[in-house]
Amino acid sequence: MKLYNSLTRRKDEFTTHTPGRVEMYTCGPTVYHYAHIGNLRSYIMEDVLEKYLRWSGYDVNRVMNITDVGHLTSDGDTGDDKMLKGAKREHKTVMEIAKFYTDAFFADCEKLNIRKPDTVVPATGCIGEFIKVISSLIEKGFAYEAGGNIYFDTSKLEKYYIFNDFAEEDLAVGVREGVEADGNKRNKTDFVLWFTKSKFEDQELKWESPWGLGYPGWHIECSCISMKNNGEYLDLHCGGIDNAFPHHTNEVAQSEAYLGHPWCGFWFHVHHLNTDSGKMSKSKGEFLTVSLLEQRGYDPLVYRFFCLQSHYRKSLVFSYNNLDNAAAAYSKLVAKIAQLDNTGEIDQDEYRRLRDGFMAAMDNDLNTSLAITALYDVLKSGLSDAGKLELIADFDSVLSLGLIEAAKRLKSDKPADEVPAEVSELLEMRRAARKEKNFALADELRDKISALGYAVEETREGTKLRKL
Ligand code: AMP
Ligand code: ZN
């Protein structure tokens, strides 16, 4: 498989340290709020990559952290603590916030058919490991204490900027707008490994350490959680493109300084989901969540389909119109699959040719949109229905669009009983309101319909009525 590697800035043949085994690490969510559908785009694409590697015969060990301490709102080591901000907003403790939003994150993942990683570790569950690695970095001369905090000394590295050739001044922490310079640092790219003197006097979670009561920086958690659970050699590290700098850059700095050898072979970065008005952000008022999409009548798997229709290395613009198009294409696809009747001999040559088409798409830097085209090719092919169903199920074990299940549901649906004209009219008005994105009116009409004894249900196959 050829995969774009941010480290070499080209598509490389994917290889692993131990043949047949992939040690894979993913930066998990910062659990101070719901994940927005932009975050989830990254997790969907990483899920497809993981499943495709398994499908190709690899044994995959996937590890993910949960950032429940130490993630600051700025790119540097300044700005507000995101977890504390969340706790204050909701009048809860940091741990209550972390638990609630960790559960919410995995509930969203389940709706999107995203497999839970083999190992999930909250940062607060790994403090001893952070202290061990930071102590060793100090011993090796890669870290120093200043003003009560422990910093990583980036001047000790041969090369700090590993992912890009940008000018140092463009990237360096301390010169960006809105980021304050930290006077304790010897070099502007140095970053905090452990805080004992933070500007957040009200920091709730603190631990004893050789340097005093404090808490870890954000970057150290991913290095430590990966090294502990994936071993010394990581094959594949994933995350959104915004994390390439400084987060992943700092992870490499710490891990390689600690280990004394190269750490991770492949870096997989998913580009952003944007809205018409720009970058999606959790801190900007109303943001797009899976629940919001559901409230507006969209099946979460339609969003997954929408994501897979584009390449992960291109930024993607979200709009309800684009999602409507994906929903229509998804319903059509399911309807076509529902017409297949699982009969006929399977022409093995044709079967292999079509399967090769899917593999060629996925092997070319995870081209999921071409993989979906390969799926349409199956439907158009001369293969028997039984062969088509088998291949579609095979492809969908990677794409995870729930196609076979949705087709089965569609097939087993019985025609609706006679519906009163008044209910049909209201349903039609509701359809029109939704088309115009007048969700308030659509909700009002749904209530009227339910007052007449019918529940309106949005399903993957379209809007349905159920007698109450
Ligand atoms: P966070 O919860 O902020 O730590 O982010 C979780 C993951 O989502 C990280 O891998 C980010 O790089 C990624 N991410 C953040 N914003 C977006 C976006 N708009 N589109 C795609 N991925 C994103
Ligand atoms: Zn990380």
Residue count, the range 426-446, condition surrounded by fewer than 12 Cβ atoms within 10 Å (Cβ to Cβ) and either in contact with a Pro (Cβ under 6 Å, 6 or more places away or on another chain) or acidic (Asp, Glu) (or both), comes to 2
I'd like the full set of residues that are over 17 Å from Gly214 (Cα atoms) and in a helix (DSSP H, G or I), limited to the range 130-142. Ser136, Leu137, Glu139
Considering the range 13-53 alone, what residues qualify as being touching a Cys at 6+ places or on another chain (Cβ under 9 Å) and aromatic (Phe, Trp, Tyr)? Tyr25, Tyr43
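For (1) over 27 Å from Phe305 (Cβ atoms); (2) in the same structural domain as Ala335 (by TED's automatic domain parsing); (3) β-branched (Val, Ile, Thr), each residue gets a yes or a no:
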residue: Leu426; (1), (2), (3): yes, no, no
residue: Arg430; (1), (2), (3): no, no, no
residue: Glu436; (1), (2), (3): no, no, no
residue: Phe439; (1), (2), (3): no, no, no
residue: Asp443; (1), (2), (3): no, no, no
residue: Lys448; (1), (2), (3): yes, no, no
residue: Gly453; (1), (2), (3): yes, no, no
residue: Glu457; (1), (2), (3): no, no, no
residue: Thr463; (1), (2), (3): no, no, yes
Among Lys156, Lys206, Lys197, Lys188, which is surrounded by fewer than 19 Cβ atoms within 10 Å (Cβ to Cβ) and either modelled with pLDDT of 95 or more or not assigned by TED's automatic domain parsing to the domain that holds Pro19 (or both)? Lys156
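Yes/no per residue for (1) closer than 20 Å to Thr463 by Cβ; (2) outside the structural domain of Val456 (by TED's automatic domain parsing); (3) surrounded by 17 or more Cβ atoms within 10 Å (Cβ to Cβ):
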residue: Ser291; (1), (2), (3): yes, yes, no
residue: Leu301; (1), (2), (3): yes, yes, yes
residue: Ser310; (1), (2), (3): no, yes, yes
residue: Tyr320; (1), (2), (3): yes, yes, no
residue: Ala326; (1), (2), (3): yes, yes, yes
residue: Ser331; (1), (2), (3): yes, yes, yes
Of those in the range 212-255 that are surrounded by fewer than 19 Cβ atoms within 10 Å (Cβ to Cβ) and away from ligand 1 (no atom under 16 Å from the Cβ), the residue nearest to Val69 (Cα to Cα) is Leu213
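Output yes when any residue across the range 407-421 is at pLDDT 90 or above, crowded, with 19+ Cβ neighbours inside 10 Å and in the same structural domain as Leu308 (by TED's automatic domain parsing), and no when none is.
Yes: the range 407-421 contains one or more residues that are at pLDDT 90 or above, crowded, with 19+ Cβ neighbours inside 10 Å and in the same structural domain as Leu308 (by TED's automatic domain parsing).
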Filtering the range 2-46 down to residues that are more than 8 Å from ligand 1 (Cβ to nearest atom) and small (Gly, Ala, Ser) yields Ser6, Gly20
Pairs where the first residue, in the range 382-396, is farther than 12 Å from Tyr351 by Cβ and among the aliphatic types (A, V, I, L, M) and the second is at pLDDT below 95 and part of a helix (DSSP H, G or I), C-beta under 7 Å, 6+ apart: none
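I'd like to check something: does the range 339-347 contain any residue that is assigned to a helix (DSSP H, G or I) and either among the β-branched types (Val, Ile, Thr) or crowded, with 19+ Cβ neighbours inside 10 Å (or both)?
Step one: of the range 339-347, the residues assigned to a helix (DSSP H, G or I) are none.
No, the range 339-347 contains no residue that is assigned to a helix (DSSP H, G or I) and either among the β-branched types (Val, Ile, Thr) or crowded, with 19+ Cβ neighbours inside 10 Å (or both).
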Out of all the residues in the range 348-364, is one or more outside any helix (DSSP H, G or I), surrounded by fewer than 20 Cβ atoms within 10 Å (Cβ to Cβ), within 23 Å of the chain's Cα centre (by Cα) and in contact (Cβ under 8 Å) with a residue 24 or more places away in the chain? yes
Filtering the range 1-37 down to residues that are touching a Lys or Arg at 6+ places or on another chain (Cβ under 9 Å), closer than 16 Å to Cys238 by Cα and surrounded by fewer than 23 Cβ atoms within 10 Å (Cβ to Cβ) yields Lys2, Leu3, Tyr4, Asn5, Lys11, Asp12, Phe14
Go through Leu53, Leu49 for me and flag whichever is away from ligand 1 (no atom under 16 Å from the Cβ), at pLDDT 95 or above and buried (at least 22 other Cβ atoms within 10 Å of the Cβ). Leu53
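Would you mention how many residues in the range 252-265 are within 12 Å of Val133 (Cα to Cα) and either within 24 Å of the chain's Cα centre (by Cα) or within 12 Å of ligand 2 (Cβ to nearest atom) (or both)?
Within the range 252-265, the first condition is being within 12 Å of Val133 (Cα to Cα), and the residues that meet it are 254-259.
Filter once more, keeping what is either within 24 Å of the chain's Cα centre (by Cα) or within 12 Å of ligand 2 (Cβ to nearest atom) (or both): 254-255.
Residues meeting the conditions: 2.
The values are calculated or read from the model by the stated rules, or taken from the named source; none is laboratory data. Remember, it's a predicted structure, so these values are computed and weren't measured experimentally. Glycine also receives a Cβ, built like all others from the backbone with ideal geometry; neighbour counts cover every protein chain displayed.
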